[in-house]
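Here's the structure we're looking at; comments come further down.
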Amino acid sequence: MTALWDRLDSVQRASLSGLGSDQNWIRRNGSPPPKGKTHDEVTQQELETLDRSMRSQDWHAVLRIIRICQTRILKETLANIRSSAWLNLGLPEIASPFLDFAAKLQPKDGIILFQSLAIAERINSNDALERARKIVEQPDNHSILAVVFSISMLVGKPKQALTENEIREFNNLLKSSLGRLNNESPNTLELLMIHQIAGVCYHSLGEIDEANKCYDNGLAIEPENTRLLFARGVLLSKYNPEESVKSFSRAAELGTDEIETYVFLAQYYLRTGDFRKSLDYCERGLAKASTDTKDSRRIKARLLEFAAINKCELSYPDKDVENLFQQALDLDPNEPRIVGNHKVFVSTRSNHSAHKWLDDEIEKPTISLSQTRLINNLNSQQLRFIPSDYISPIAG
């Protein structure tokens, strides 16, 4: 707790005042504190203040005011709000117990349990995997989304490859879980998440047709879902490049933030000789690219390299091409292909000979099971906003 305290600023520390009482509320299974305002003592003005704080997403104020109003709020909603506030403040370690309690109070709410598992995985992956194992051992006791997400956690465990028996068991469990959709009716968001995550699971398990079916089912619900379009593009990039281009192109048209979409399309059109279209995808990708991680720097360098080649082929000034190559080399100085293509450019600009660019197989975008946390329409660090009409005049 000391290490956590050291990470907090003065405003965050102020919000911790009363946290012990909030945690004791979980230990009392949601019973109101022995001291504090009763249901009838909470005023309408205090409820309206909480409402304004939530709508403005002033999470520090929410944490303070909700302690005053808690006897007027259903306990499952109270758990949701507290976990949401701490997640939005960037403190998942504090949010996790409240989120777990919310999942306990709402066992059929797949999204709440999904979020609980996702946050638990960030804090202690071993504990989260154990929870996932228990869920798949009794799948009928849990929502379809919880089961599918648990499978994704277990299939994606990094330490060892799956055995043939495990692959068969996970495939059977996915099939039976998705079969429950014939009798159960999750809400639209939950249904999209089920298809997205199940598709990535099937892809990882080598069931390409089943994965594609999941993505198609999701896109039938929401045709402009860029996460699904990206996932389907990844799936088809190895097996059906032409269809893959269609999925990626549609995702790019809709403004997807999945940067590998633009890398794939830029290289594809560079190879086909459509330099202007390739350059367009380079520029669109670069507008979204970051340099936060080693992998993001590598990807941005690739886009800069493609842009340099395109501009060279389109007879842009040499200084523009050189500038792009230098930016790429600054980000990824040891990439042999970038180094080699820069040498090709330098050697040919003096004698105007044809460019013989170093090429390799079109880079296939990848989507790991850890990325399924991001394939849904929820930010993994935020919970659904709980509107004020969840506040009950009668405590649950």
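The values are calculated or read from the model by the stated rules, or taken from the named source; none is laboratory data. Since we're looking at a predicted model, the values are computed, not measured. Don't worry about glycine lacking a Cβ; one is built from the backbone with ideal geometry, like all the others, and counts go over all protein chains shown. Side chains included, ligands, DNA and RNA excluded: accessible areas come from the protein's heavy atoms. Shrake-Rupley method; radii C 1.70, N 1.55, O 1.52, S 1.80 Å.
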Only listed residue being part of a helix (DSSP H, G or I), open to solvent by less than 50 Å² (accessible area, probe 1.4 Å), more than 30 Å from residue 178 (Cα to Cα) and at pLDDT 90 or above, chosen from 78, 47: 78
Name every residue in the stretch 104-124 that is part of a helix (DSSP H, G or I) and open to solvent by 60 Å² or more (accessible area, probe 1.4 Å), in order of residue number. 104, 122, 123
If residue 161 meets every condition in (1) touching a helix residue (DSSP H, G or I) at 6+ places or on another chain (Cβ under 7 Å); (2) under 20 Å from residue 211 (Cβ atoms); (3) aliphatic (A, V, I, L, M) apart from one, which number is that one? (1)
For residue 90, which of the numbered conditions (1) touching an Asp or Glu at 6+ places or on another chain (Cβ under 6 Å); (2) over 20 Å from residue 29 (Cβ atoms); (3) open to solvent by 20 Å² or more (accessible area, probe 1.4 Å); (4) in contact (Cβ under 8 Å) with a residue 40 or more places away in the chain fails to hold? (1)
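Quick check on this structure: which one of 162, 173 is hydrophobic (A, V, I, L, M, F, W, C) and part of a helix (DSSP H, G or I)?
Values: 162 fails: part of a helix (DSSP H, G or I).
The match here is 173.
Does residue 229 count as modelled with pLDDT of 90 or more, out of contact with any Cys (no Cβ under 9 Å at 6 or more places or on another chain) and under 27 Å from residue 108 (Cα atoms)? Steps first, answer last, please.
Working: modelled with pLDDT of 90 or more: yes; out of contact with any Cys (no Cβ under 9 Å at 6 or more places or on another chain): yes; under 27 Å from residue 108 (Cα atoms): no.
So residue 229 fails the test.
Determine whether residue 74 is touching a residue at least 24 places away in the same chain (Cβ under 8 Å) and over 25 Å from the mean Cα position of the chain (by Cα).
Values: touching a residue at least 24 places away in the same chain (Cβ under 8 Å): yes; over 25 Å from the mean Cα position of the chain (by Cα): yes.
When the stated conditions are applied, residue 74 passes them.
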From the list 184, 210, 190, exactly one residue is free of Cβ contacts under 8 Å to residues at least 40 places away in the same chain and either of a type in the set (Asp, Glu) or open to solvent by 50 Å² or more (accessible area, probe 1.4 Å) (or both). Which is it? 210
Here are some conditions: (1) out of contact with any Gly (no Cβ under 7 Å at 6 or more places or on another chain); (2) assigned to a helix (DSSP H, G or I). Residue 303 meets all but one. Which one does it not meet? (1)
Could you list, in sequence order, all residues of the stretch 321-359 that are over 23 Å from residue 264 (Cβ atoms), of a type in the set (D, E, K, R) and surrounded by 14 or more Cβ atoms within 10 Å (Cβ to Cβ)? 322, 349
